[in-house]
Amino acid sequence: MTTHQIRRSASRWLFAALACIATAATAAAPAPGANTNQRDTAGTGRFPAMKEEVASLPAHVVYRPNDLAALGTTKLGIVAWGNGGCSDDGASTRLHLLEIASHGYLVIASGRILSGPGAPPREPRPAAQPGQPVQIQPPRTKASDLTDAIDWALAENVRSGSPFFGRIDPALIAVSGWSCGGLQALQVAKDPRVKTMVLQNTGVFNSGTSAIPGMDVRKDVLATLHTPTIYILGGPKDIAYENGMDDFNRISHVPVAVANLPVGHGGTYFEPNGGAAASVAVSWLDWQLRGDKKAAERFVGENCGLCRDAQWTLERKQFPAAVDH
């Protein structure tokens, strides 16, 4: 690699790191009408969803079906979620997470409710001073927050008196995250309890070193994947596109897919019910965790649903040739 290439690679990575931190700022203070002023949506699934903070898990936000009794014999799957920018706003992608929860999942995001309905008054932030260098702040959440979420959910499933007592299937566990939160998800991918990964607008930085304090995530983490994995990216305009595509190209030991929707790094998180990307995430979870053959048809075969959808580009490796009916 030439000196020019090294400098360009380092520059791209620094830009991606800065953008990741910018995502955190956006999550904490989204543009009016983009997030804070939006009402929560209940999702399109069979179980209208809600979000809440619970005293026994103080550094997380829990998304779940509003009426747990309506689940009947359906058991909840668990999805641990890392926020964009590794921020501590567990409500920053609430429309996306409420959509997943409405399909029978217990989704647990790191942080607290800091935006949208139920958020406390926003603290004023000092304006950036012209000419001052950008200060990259350490992540406000940790990768271990994701495993803490899984630990809590499994404990609640066996705790007498818990609203989740007996309502969770401990075999249905996924880890997911956006941008910096996706890197946190990769850090815990080796957890044997995890059955699938959903990595959104993210990828390990190609240059090999991190400009984000405390985020030393390198390509060797990909070897720890032991489950089917999907990357949902925002196309070439997504700052994580090259990193995510490089991850996909490197993974050769587990089934892996990459689905690109050309909307950039912001995905469809702020669209009602999480938009098109949330729908794909739900289908992947239903296929991988519940064995749903209808959901599998969006990903498997030459004539798969996403293959025929003009807005998506799908690539796959180590995949079955067809859905087993």
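What about Leu222, is it of a type in the set (A, V, I, L, M), touching an Asp or Glu at 6+ places or on another chain (Cβ under 9 Å) and crowded, with 17+ Cβ neighbours inside 10 Å?
yes
Surrounded by fewer than 23 Cβ atoms within 10 Å (Cβ to Cβ), closer than 24 Å to Thr93 by Cα and at pLDDT 95 or above: does that describe Gly182? Spelling it out, it is not the case that Gly182 is surrounded by fewer than 23 Cβ atoms within 10 Å (Cβ to Cβ), closer than 24 Å to Thr93 by Cα and at pLDDT 95 or above. Looking across segment 73-101, the residues that are among the β-branched types (Val, Ile, Thr) and farther than 20 Å from Gln187 by Cβ come down to Thr73, Thr74, Ile100. Candidates Val198, Val194, Val204: the one that is touching a strand residue (DSSP E or B) at 6+ places or on another chain (Cβ under 8 Å) and not in a strand (DSSP E or B) is Val194. Among the criteria (1) modelled with pLDDT of 95 or more; (2) crowded, with 23+ Cβ neighbours inside 10 Å; (3) among the aliphatic types (A, V, I, L, M), the one Ala143 does not fulfil is (1). Consider Gly235 carefully, then state whether it is in contact with a strand residue (DSSP E or B) (Cβ under 8 Å, 6 or more places away or on another chain) and farther than 19 Å from Thr141 by Cα. Answer is yes for this residue.
Among the residues that make up segment 256-271, is at least one of them closer than 17 Å to Lys195 by Cα and touching a residue at least 12 places away in the same chain (Cβ under 8 Å)?
Taking every residue of segment 256-271 in turn, at least one turns out to be closer than 17 Å to Lys195 by Cα and touching a residue at least 12 places away in the same chain (Cβ under 8 Å).
For segment 141-187, the set of residues classified as touching a strand residue (DSSP E or B) at 6+ places or on another chain (Cβ under 6 Å) and either in a loop (DSSP other than H, G, I, E, B) or of a type in the set (Phe, Trp, Tyr) (or both) consists of Thr141, Trp152, Arg167, Trp178, listed by residue number. Looking only at segment 289-308, decide whether some residue is buried (at least 20 other Cβ atoms within 10 Å of the Cβ), closer than 17 Å to Asn201 by Cα and among the aromatic types (Phe, Trp, Tyr). No, that holds for no residue. Quick one: in segment 246-265, of everything that is in contact with a Pro (Cβ under 9 Å, 6 or more places away or on another chain) and either among the basic types (Lys, Arg) or not in a loop (DSSP other than H, G, I, E, B) (or both), which residue is surrounded by the most Cβ atoms within 10 Å (Cβ to Cβ)? Here the answer is Val256. Against the criterion of being surrounded by 18 or more Cβ atoms within 10 Å (Cβ to Cβ) and touching a residue at least 24 places away in the same chain (Cβ under 8 Å), Asn243 qualifies.
The values are calculated or read from the model by the stated rules, or taken from the named source; none is laboratory data. As the structure is a prediction and not an experimental result, all values here were calculated from the model. Positions of Cβ are backbone-derived with ideal geometry, glycine not excepted, and every protein chain shown enters the neighbour counts.
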